[in-house]
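FYI, it's all coordinate maths here, none of it is from the lab. Fair warning: this is a prediction, and the values are worked out from it, not measured in the lab. Cβ placement follows ideal geometry from the backbone for every residue including glycine, while neighbour counts extend to all protein chains displayed.
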């Protein structure tokens, strides 16, 4: 799911880079070394991301952020995304039902 930049603080790139640097560009979950800025993309290393543990992009306290490789971040967010998708479908269905009634 693409990130909605409007939900993040203006200095998100600096915050995210600081979290990754503090973790030495290593995934906090699987421990794999991730690519550093400027490192060639064709390496075997994964892309480092910064995860919000409580899934709230506005909550950028260091205790709420972790450096995760992209696969671990996707796995961490999977249940949250599943719930959001279900809520979106329900809202869409309700909207359609209301428009049919009027």
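Taking Cα pairs under 8 Å and at least six residues apart, what relative contact order does segment 5-101 come out at, in percent? Please report the intermediate quantities before stating the final value.
Numbers: 97 pairs, mean separation 24.6, N = 97.
Averaging sequence separation for qualifying contacts and normalising by length gives 25 percent for segment 5-101.
Could you give the length gained by full extension between residue 33 and residue 89, i.e. 0.36 nm per residue of separation minus their alpha carbon distance, to one decimal place? Mind dumping the intermediate values first?
On the way: separation 56, 0.36 × 56 = 20.16 nm, distance 3.74 nm.
Length difference between fully extended and current span is 16.4 nm.
Over the alpha-carbon set of the chain, divide Rg by the Kirkwood Rh and report the Rg/Rh ratio to two decimals.
On the way: Rg = 17.2 Å, Rh = 15.4 Å.
Result: Rg/Rh = 1.12.
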Taking 7 Å along the Cα-to-C-beta vector as the label spot, tell me the residue 99-residue 42 distance in nanometres, rounded to one decimal.
4.8
Helix-only mean residue ellipticity at 222 nm, the chain, DSSP H runs n ≥ 4 weighted -39,500 (n - 2.57), per residue, nearest 500. What is it?
-14500 deg cm²/dmol
Which order, highest average first, do 29-41, 62-74 follow once you tally other Cβ atoms within 10 Å for each residue and take the mean per peptide?
62-74, 29-41
Name the shape class, rounded, prolate or oblate, that the alpha-carbon gyration tensor gives for segment 45-95, where a ≥ b ≥ c are the square roots of its eigenvalues, rounded holds for a/c under 1.5, and otherwise prolate holds if a/b is larger than b/c and oblate otherwise.
oblate
